[in-house]
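Heads up: the structure comes next, in structure tokens.
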Amino acid sequence: MMEVETKQITIKFSDDHPGSLAGVTGILSHHAVNILAMTASGNRENGLAHIVVNRTQLAFNILLNHGYTAVLEDVICLPVRNVAGALHASLQVLAEQDINIDYIYAFAQEQGGTAVIKCDEAARAMRLRSERLKPLL
């Protein structure tokens, strides 16, 4: 499972064309930045990519230096067991604590997976991860 990060980089593309995302991944690869999780969407006029990397500040600075529009955002990276209901149990704890999820992207592997959650109270969600979610992981 992925090491817990607390930041993601969101990259905004004002001209989403073939190769836009490959430009980002190429730059990061060249600088030995490992992408741990990613989601991207676009429609040829604009696009958005959210990435979690192993060297967040370095990657962010590199992207800015290459002219990308990017922001750092708080997220919670939540390890999730790869069994039916595991993600639900974790999300239910957040719902009971009135933490709103803006969006989520996740992946599963045989050993377990990770959910990257952008929510309105990431710091409180991280505390809950330690206090209430740990037994669910």
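No lab work stands behind these numbers, since they all come straight from the coordinates. Predicted model, so just to flag it, every value in this text is computed and none were measured. Cβ: placed from backbone, ideal geometry, glycine included. Neighbour counts: every protein chain shown.
Structure notes:
- For the chain, relative contact order (Cα pairs under 8 Å, six or more residues apart, normalised by length) works out to 27 percent.
- The range 1-134: radius of gyration over Cα atoms, expressed as a fraction of 2.2 N^0.38 Å: 1.10
- Only one residue of 40, 22, 107 has its Cα farthest out toward the positive end of the dipole of the chain, where Lys and Arg carry +1 and Asp and Glu -1 on Cβ, and that residue is 107.
- Extension gain, residue 22 to residue 66, is 14.5 nm, computed as 0.36 nm per intervening residue step minus the present C-alpha separation.
- Computed about its Cα centre, the charge dipole of the chain is approximately 300 debye, with only Lys, Arg, Asp and Glu carrying charge at their Cβ.
- Here the calculated FRET efficiency for residue 43 and residue 74, from their Cβ-Cβ distance with R0 = 22 Å, stands at 0.25, rounded to the nearest 0.05.
- Whole-Å semi-axes of the ellipsoid equivalent to the range 66-134 (Cα gyration tensor, √5λ, descending): 22, 17, 10
- Once the Cβ-Cβ distance of residue 102 and residue 34 is raised to the sixth power relative to R0 = 25 Å, the FRET efficiency obtained is 0.50.
- Environment charge of residue 61, counting only residues whose C-beta is closer than 14 Å and scoring Lys/Arg +1, Asp/Glu -1: +2
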